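The values are calculated or read from the model by the stated rules, or taken from the named source; none is laboratory data. Model, not experiment: these values are computed from the prediction. Neighbour counts are summed over all protein chains in view; Cβ atoms, including those assigned to glycine, are modelled from backbone coordinates with ideal geometry.
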Amino acid sequence: MLIVFLKAAILVPITLLPILNPFGNAPVFASLSGNIGRDAEARLARQVALNCFFMLLAAMFIGSHVLMFFGISLPIVRIGGGILVAVTGWRLLNDKGQDDIRTQVATTQAEAWSDEEFKVRSFYPISFPLTVGPGSIAASITLGANAPTRFPDLMISIGSAALGAALTALVIFLCYRYANRMVGLLGRLGTMVVLRLSAFILLCIGIEIFWHGLLGLLSEAGVAIG
């Protein structure tokens, strides 16, 4: 029973981390967080990790029920989410203000965010759709779609999923917590290159998610794709 529990827990981060890609998103996180100071940056990374933990867990256990209630299919989620991710990637790719922000960090005082501002900025766009996007939400819904109905098995399933989501959130926290150190090691040119590449990859991921959603929608409609 313990082996089954651990296998189920490890399955979650193995499935989700390649889609979430927190390491690749770390330079984008550093850019979006601006000049808020190290302590505030750690707090922001912790809040983002918590947001992601609860979103992933909710998607696993109530995501399919919510979609069923509103009559929304997974292909529709992929299409809408893919557009949102692609737009975010396009904006980051064409944002000319990032270099200016970087050059002002050394001369400006650290920004002071209120508690409410922390919650708002940590959720959009960092937690969603940058980190937990439609791809990871769809994967989480799939992971939780076959939850057992027997109460003991259901409790084990919930526990293993919570542990897996916690391990995933821990990786997200570590990547974002040390994002600026990573940026410092890369240097200005390296950061710019990684940031633009990450934005381009994000744009491509959004288009791919949209395409798979469109194919799924056409398949549901009975249209054969040759």
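Just checking, does segment 95-102 include any residue being at pLDDT 65 or above, surrounded by fewer than 18 Cβ atoms within 10 Å (Cβ to Cβ) and over 18 Å from residue 39 (Cα atoms)?
yes
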- prompt: Does segment 17-42 hold any residues that are out of contact with any Ser or Thr (no Cβ under 9 Å at 6 or more places or on another chain), surrounded by fewer than 21 Cβ atoms within 10 Å (Cβ to Cβ) and assigned to a helix (DSSP H, G or I), and which are they?
  reply: 18, 23, 32, 38, 39, 42
query: Mind checking which residues of segment 23-77 are at positive phi and either of a type in the set (A, V, I, L, M, F, W, C) or in contact with a strand residue (DSSP E or B) (Cβ under 6 Å, 6 or more places away or on another chain) (or both)?
result: none
- line: Inside segment 185-226, the number of residues satisfying the requirement of being surrounded by 15 or more Cβ atoms within 10 Å (Cβ to Cβ) and small (Gly, Ala, Ser) is 5
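State whether one or more residues within segment 43-55 are without any contact (Cβ under 8 Å) to a residue 40 or more places away in the chain and closer than 25 Å to residue 89 by Cα. Quick ask: steps written out before the conclusion?
Quick first cut of segment 43-55, residues without any contact (Cβ under 8 Å) to a residue 40 or more places away in the chain only: 54.
In the following step, the residues that additionally are closer than 25 Å to residue 89 by Cα were identified as 54.
Yes, segment 43-55 has at least one match.
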